[in-house]
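The values are calculated or read from the model by the stated rules, or taken from the named source; none is laboratory data. Treat the numbers as computed from the prediction; the structure is a model and nothing was measured. Positions of Cβ are generated from backbone atoms using ideal geometry, with glycine treated the same way; all protein chains shown enter the neighbour counts.
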C-alpha cells in the first residue's frame, strides 16, 4: 500500500508504534476529560470550583509563561481554559482513533512545546506543586519526542481510521491492517 516510513517495519515495530500513539492519545484525552468534568477539591474535601489554568500560569516562568499570565489577567482566562481543554480532547481522540493523525501529532507537539516553554526546567531544583525534579529534560519534552516519532512514522497509515479512509477512497474496500 506504500506506507512510506513504515514499509520496512516488522509487525512488532508497527504494533509498538500504534500502541505508543494510542497511549499518548489516552494521556491527552484523559487530561482534557479530567479538566472538563471533574471539579477541583481541596485535601479537606472543600469544593474549589472548576478547573482553571490560573494556578499553573501563576507558577510559570519564562517569556511564554509571562505572556500567558498577562493574557489570563487581561480577561482571556476562560478562553485559554476552553482552548486547552478542547485541544487536549481533540488531540487525544485524533491519536487514539488514528484519524487526522498527522494533524493530531502537530497539535500535540505544539501543546507540549507550549507547556514546556511556559515552565522550562532550567534550575534543577524542586518547585512547590510540581512533580519531580528536572533539569532541562522533563516529561513534556520526552512526550514531545515520542509524538515526533509517531508523526515521523505516519502511524495513521499503519492502523486507524486514516488507513480505513485512505483505502476506501482508493479502492472502495476496507483493508485489514498489515501488522
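Details
- Residue among 5, 79, 54 that is in contact with a helix residue (DSSP H, G or I) (Cβ under 7 Å, 6 or more places away or on another chain), under 22 Å from residue 119 (Cα atoms) and either surrounded by 12 or more Cβ atoms within 10 Å (Cβ to Cβ) or at pLDDT 80 or above (or both): 54
- Pairs with Cβ under 8 Å, 6+ apart, first in region 51-62 and closer than 17 Å to residue 82 by Cβ, second at pLDDT 75 or above and in a loop (DSSP other than H, G, I, E, B): 56/119
- If the condition is being within 11 Å of residue 98 (Cα to Cα) and in a helix (DSSP H, G or I), then region 152-172 contributes 155, 156, 157, 161, 162, 163, 164, 165.
- Flag for residue 72 being more than 30 Å from residue 19 (Cβ to Cβ) and in a helix (DSSP H, G or I): yes
- Looking only at residues in region 57-68 that are surrounded by fewer than 17 Cβ atoms within 10 Å (Cβ to Cβ) and not in a loop (DSSP other than H, G, I, E, B), the one that is modelled with the lowest pLDDT is 62.
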